[in-house]
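Data block below; observations after.
The values are calculated or read from the model by the stated rules, or taken from the named source; none is laboratory data. Predicted, not measured: the structure shown is a model, and the values here were computed from it. Glycine also receives a Cβ, built like all others from the backbone with ideal geometry; neighbour counts cover every protein chain displayed.
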Amino acid sequence: MAEHEKKATVQEVHPPRWPETCKEEVAEILRRYPEGRERSAILPLLHLAMREREGRYVALSDIEAVAEICGVTPAYVNSVCSFYSMFKRQPIGKYLITVCGNMACHLLAGGDKLVQHMEKTLGIKVGETTPDGLITLEVTGECLAACDLAPVMHVNTEYVVKMTPAKFDALVAALRTGEGPDAFLEKLPLMNGEDQDRWPGFVDAPCACQEARAAEQAEAAPADAPSATPAEEKGE
């Protein structure tokens, strides 16, 4: 199969529709910043543009729209967009699989061999998208910050840890059947120790793996554990 057939092909909409269809959200973003500091809204507007576009990427017309809204040149917006690797400039699949290519995962935990298995399973190379537009595979040279759980990867920015070839094959099967990745995702605690799922802005409901973990913890808790007395609760 030719390489161009493994890229997600999405026709660009020009001009983009999101400045009109999401105008209330655009206005809310602009209200976050003082008057005259509209350029501070470039990052959230780029995220909005990428979210709303089929193929989840930032097109040239999106760059031009953000520039007009923020009162800067398209070249300035493009310089911001090109600095951050999470802003995609080409269409990507429904699920973006990002494999950690840093030392702990890639060299010490066998991530390099795992990537070879991923390419064989998906029938594509790193940087390509499956012909059905479902999965894009990429390797990042930056650490994904979960070295103790290597090898690690992201599925649309959510962690999947201690990856093995068999676990990857099961994940891909779940994605292809429409089950989704939830059963494989690992919700890591935030740096302040707060539960990720209790922090507004991450997810609305716990995934299946979290519910299973909660059930296991409930079963492990002693049923006859004595409750604290009022004096104990007050620390007396």
If THR136 passes every condition in (1) out of contact with any strand residue (DSSP E or B) (no Cβ under 6 Å at 6 or more places or on another chain); (2) within 24 Å of TYR84 (Cβ to Cβ) but one, which one does it miss?
-> (1)
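The rows are residues; the columns are (1) surrounded by fewer than 20 Cβ atoms within 10 Å (Cβ to Cβ); (2) at positive phi; (3) touching a Pro at 6+ places or on another chain (Cβ under 9 Å); (4) acidic (Asp, Glu).
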position	(1), (2), (3), (4)
GLU54	yes, no, yes, yes
GLU68	yes, no, yes, yes
LEU96	yes, no, no, no
ALA104	yes, no, yes, no
THR121	yes, no, yes, no
PRO131	yes, no, no, no
Criterion: outside any helix (DSSP H, G or I) and in contact with a helix residue (DSSP H, G or I) (Cβ under 8 Å, 6 or more places away or on another chain) - qualifying residue of VAL139, VAL80 = VAL139
Of the conditions (1) surrounded by fewer than 21 Cβ atoms within 10 Å (Cβ to Cβ); (2) under 21 Å from the mean Cα position of the chain (by Cα); (3) within 26 Å of TYR57 (Cα to Cα), LEU144 clears all except one; give me its number.
-> (1)
Exactly one of ALA205, ALA174 is assigned to a helix (DSSP H, G or I) and either modelled with pLDDT under 65 or of a type in the set (Gly, Ala, Ser) (or both), and that residue is ALA174
Can you spot a residue in segment 4-17 that is modelled with pLDDT under 95, hydrophobic (A, V, I, L, M, F, W, C), in a helix (DSSP H, G or I) and under 21 Å from the mean Cα position of the chain (by Cα)?
-> no
Do the conditions hold for VAL160, that is, is it under 26 Å from ALA104 (Cα atoms), touching a Pro at 6+ places or on another chain (Cβ under 6 Å) and either assigned by TED's automatic domain parsing to the domain that holds LEU107 or at pLDDT 90 or above (or both)?
-> no
Out of all the residues in segment 188-200, is one or more in a helix (DSSP H, G or I), surrounded by fewer than 16 Cβ atoms within 10 Å (Cβ to Cβ) and modelled with pLDDT of 95 or more?
-> no
Tell me, yes or no, whether segment 109-117 has at least one residue that is modelled with pLDDT under 95, over 24 Å from ALA145 (Cβ atoms) and out of contact with any Leu (no Cβ under 8 Å at 6 or more places or on another chain).
-> no
Looking at (1) farther than 28 Å from GLU52 by Cα; (2) of a type in the set (A, V, I, L, M, F, W, C); (3) out of contact with any strand residue (DSSP E or B) (no Cβ under 8 Å at 6 or more places or on another chain), which is the only condition PHE87 fails?
-> (1)
Search segment 100-126 for residues that are more than 21 Å from ALA170 (Cβ to Cβ) and pair each with any residue that is among the polar types (S, T, N, Q) when their beta-carbon atoms are under 6 Å apart and the residues are at least 6 apart or on different chains.
-> GLY101/THR140
Those residues that are farther than 15 Å from LEU134 by Cα, part of a loop (DSSP other than H, G, I, E, B) and of a type in the set (A, V, I, L, M, F, W, C), I need them from segment 87-109; list them, please.
-> PHE87, ALA109
